[in-house]
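What follows is calculated from the coordinates using simple rules that are stated; it is not laboratory data. All values reported here derive from a predicted model rather than from experimental measurement. Quick reminder, even Gly has a Cβ in these numbers, built from the backbone with ideal geometry, and neighbours come from all protein chains shown.
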Amino acid sequence: MSVQIEEISPCRRKLSIEVSADTIAKEFDEAISVYASQVALPGFRPGKAPKQLVKSRYQKEITGRLRDHLLPKSYHEALQENELDVVNIMEMDDDIEIKEGEAFTYSVTVDIRPDISLPEYKGISLKKEVEEIDDSALQERVDAMREQRADFEDVDDRPISRGDMAQIDFIGKLEDTPLEEAVPEAKGLGEGKDFWLQASDEAFIPELGLALDGLSIGDEKTIPITFADDFVVEQLRGKSVTFDVTVKAIRGRTLPEMDEKFFEGFGVKDEAEFHERIKESLVAEKEREADGKISQDIESLLLDKTSFELPESMVAEAAQQQIQHIAQDLQRQGQAEDQLMENKDEILKTANTAAERQVRLRLILQAVADKEGIEVTDKELEREMTMLAYAYSMQPDELKKRMKENNQIEDLRGDVICRKVVDFIKENAEIEGEEKQEDAS
């Protein structure tokens, strides 16, 4: 077999492969012998028919099977002999055929994994900075825990305060025209009776919710609103609308008392234990954030100190995934398809930048994994899929089935390998502040 390699680009090669006529003749003869030993032809006992008769009768089948055998065999031998690590097959000749007495030739274009000169990644110096938990952070979390258990009670002796619930009647108008008449798509926003709205920026129309602050029961007010450019109803984006509002009732938010019943709800006996439990939780959060920052620093260091060309097909695949994610995120924010098309150039640029970084980092981490012999066992992969299944509220077998159907299992294996490599680098690094933090704990 002979192989000619043409360099199309730094990471793309065209292989012209030729299997000699002598090899084809030998393979053909062996294939006929196998057929002759197995088939039964009229007038002959099984396996006793003449080879020429078998060849004549089964030539098409023999040729097809020989092609299906020699094509992958010669391709993989060509890769091994030339030490090519293929990431994608880009193109292959059409109508590849084997003909008796002739050499078997074809060409295939592939993208290959680049050679990567790795920087020093063992014993690197890193800094771990864990944010300290002060009294204000602790009190903020305590307040949030109380907010989660807040009740709303009817009040009639004071105006609306921020965070209260207000029952209102409202009529919306766009330039003196009823809102739903001017904008039919704004169904439900034009008029409401006995509608409860929170007086905060968490209301479905934040400006309207905030404008209720200070109003009392029975008050009437015309509130001008300019809808945000990302408002869920596209036809209202940037539009100025007035709402005639009448306040009918107020429910004030009442925080629970820090008493025995409150502490029992959190599984603690008193305020001191409650504060200690919250502080432990905050410390753990800050530790995770600091560890995450170290991982990011490792990735940035590897990217900054490593330069090589990227396989075009890997970047294209990653960019397509990024585009889908960006489009889904923008749609969840209320952007319509025509708006996505208007921003397509910016979306493509963002997606390509992210894809190039993702592919470059993945190739670097895989190169470290190859050098250090870091692998992911089937057991580790099963555990990862089980954890993902629980996160998605799915049965593990169902998730595994879907991942197989979408060819995602090897991608997941790659994700786990990359994570293990970052952990390996972290374990072998000189991390300033880690020993101090351990001593403090």
GNM on the chain, Cα springs under 10 Å; top mean-square fluctuation among N352, N428, N406 goes to N406
For the range 203-312 the trypsin sites (Lys or Arg not before Pro) that pass both the DSSP coil test and the at-most-12 other-Cβ-within-10 Å test are K269
Using alpha-carbon coordinates alone, the radius of gyration and Dmax of the range 151-254 in Å work out to 13.6, 40
If every Lys and Arg gets +1 and every Asp and Glu gets -1 at its Cβ, then about the Cα centre the chain yields a dipole, in debye to the nearest 20, of 2720 debye
So, for the Cα atoms of the range 87-181, Rg and Dmax in Å stand at 35.6, 103
At the level of C-alpha centres, the distance separating the range 344-379 and the range 113-186, in angstrom, is 32 Å
Candidate cut points under chymotrypsin sites (Phe, Trp or Tyr not before Pro) in the range 19-90, DSSP loop plus at most 14 other Cβ atoms within 10 Å of their own Cβ, are F44
Checking R146, R383, R13 against a Gaussian network model of the chain (alpha-carbon springs below 10 Å), the top fluctuating residue turns out to be R383
The answer for I8, listing residues at least 5 apart or on another chain whose modeled amide H is closer than 5 Å to its amide H, is R13, K14
Evaluated at 20 °C and 1.002 mPa s, the Stokes-Einstein D of the range 193-342 based on the Kirkwood radius over Cα pairs, in µm²/s, stands at 98 µm²/s
Taking alpha-carbon centroids only, the range 1-62 lies from the range 246-314 a number of Å equal to 65 Å
Here the relative contact order (percent) of the range 137-261, from C-alpha pairs under 8 Å and at least 6 apart, is 37 percent
Computed over the chain: longest principal axis from alpha-carbon atoms vs helix 344-372 long axis, angle to nearest 10 degrees, is 60 degrees
Per DSSP, the loop-located GluC sites (Glu not before Pro) within the range 25-107 having at most 13 other beta carbons within 10 Å are E83, E97, E102
Sorted largest first, the Cα spans of the range 1-79 on the principal axes come out in Å as 61, 18, 16
When the charge dipole of the chain is computed with +1 on Lys and Arg Cβ and -1 on Asp and Glu Cβ about the Cα centre, the Cα farthest towards its positive end, among G188, L330, F104, belongs to F104
Interchain or sequence-distant (5+) residues whose placed amide H lies within less than 5 Å of the amide H of E191 are G172
Magnitude of the Cβ-charge dipole (Lys and Arg +1, Asp and Glu -1) of the range 151-254 about the Cα centre, nearest 20 debye, reported as 60 debye
Mean-square fluctuation maximum in Gaussian network of the chain, Cα pairs under 10 Å, restricted to P46, P184, P224, hits P46
